[in-house]
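As structure tokens, the structure follows; a few thoughts come after it.
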Amino acid sequence: MIKTKLKQYITDELSKGATNKIELYKEEKEYAETNQLIDPQIIIIEEKNEALRFADIYIERSDKETEELISEENSAFLDQSIIFLKTNRNEFMYVEADSFDIIGVEAVSLELDDVFGTYDVMLGLKQQKKTGPVIKELLAKQLGESASFNLLFNQGEGMWDLNFSLNDLAGFKEELSIREVLQLIYRFLFTLVEEVEIAK
């Protein structure tokens, strides 16, 4: 998944101009170098500013009970604290971004759990059904044995529905902005998908 998508992205970017340079974000740059997707003798990879990753983001804020749309937001919304979800407990956030496509993630939803007061992440992960045991093992390893997560294969959509608590993610704290939280989630998922593909 990552290899195919990233190869295509690199090809598309290089075809845009007569240059031997390409910009990639940290995770994608390291992946491209490790998997020799680019000949460093011919193409120079520069690291893209991480703050730009979600510049293209699509955000919906909706009511948890009715799922009625409250508002659409632009990327400036990401600069406020994740505590926004605590002060707006009746809301959930739905986000789409081009970056998620590279790792086979449909979209990400965030909300505050009404019972436990934890920040919950919900998403669709495009991986084959047979990868289930590997995904579960990696989730337990990366989130911790005591972490609770839900992983169910959605036969109709042909992908995994994954829910986990943001609180179990290494590096998470409430002081983070929504942008920083999404970057944390992205890094976590990138590593997860990369390891799933190695283990296949």
Subset of Lys64/Lys86; Lys64/Lys130; Lys26/Lys130; Lys29/Lys173; Lys126/Lys173; Lys86/Lys173 violating a 22 Å alpha-carbon distance limit:
Lys64/Lys130; Lys26/Lys130; Lys29/Lys173; Lys126/Lys173
Between the helical axis of 132-143 and the dominant principal axis of the chain, each derived from Cα atoms, what acute angle in degrees is found, rounded to the nearest 10?
80
Dipole magnitude of the range 44-200 about its Cα centre, charges +1 at Lys/Arg Cβ and -1 at Asp/Glu Cβ only, in debye to the nearest 20?
600
With contacts defined as alpha carbon pairs under 8 Å and 6 or more residues apart, what's the relative contact order of the chain in percent?
18
D (µm²/s, integer) via Stokes-Einstein for the range 2-48, Kirkwood Rh across alpha-carbon pairs, 4 °C, 1.567 mPa s: value 123
Cross-link reach list, aspartates and glutamates versus Lys3, counting only Cα pairs under 16 Å and skipping chain neighbours closer than eight places
Asp12, Glu13, Glu27, Glu28, Glu30, Glu33, Asp39, Asp98, Asp101, Glu194, Glu195, Glu197
Per the helix-only model, the chain has a calculated mean residue ellipticity at 222 nm (DSSP H runs of ≥4, -39500 (n - 2.57) each, divided over all residues, rounded to the nearest 500) of -10000 deg cm²/dmol
If one compares the long axis through the Cα atoms of helix 178-199 with the longest principal axis of the Cα atoms of the chain, the angle in degrees, nearest 10, works out at 60
Roughly how many Å is it from the Cα centre of the range 23-67 to that of the range 97-131, as a whole number?
17
List the residues, sorted by chain then number, that are 5 or more residues from Gln127 or on another chain and whose placed amide H is less than 5 Å from its amide H.
Trp160
How big is the dipole moment of the range 2-48 about its Cα centre under a simple scheme where the beta carbon of each Lys and Arg is +1, that of each Asp and Glu is -1, and everything else is neutral? Debye, nearest 20, please.
160
Helix 2-16 axis, angle to the chain major axis (alpha carbon atoms, nearest 10°):
60
Over the Cα atoms of the range 58-199, compute the convex hull volume and normalise it per residue, giving Å³.
111
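Coordinate-derived values only; no laboratory data. The structure presented is a predicted model; accordingly, all values stated were derived computationally and were not measured. Using ideal geometry, Cβ is built from the backbone for each residue, glycine included, and neighbour counts are taken over all protein chains shown.
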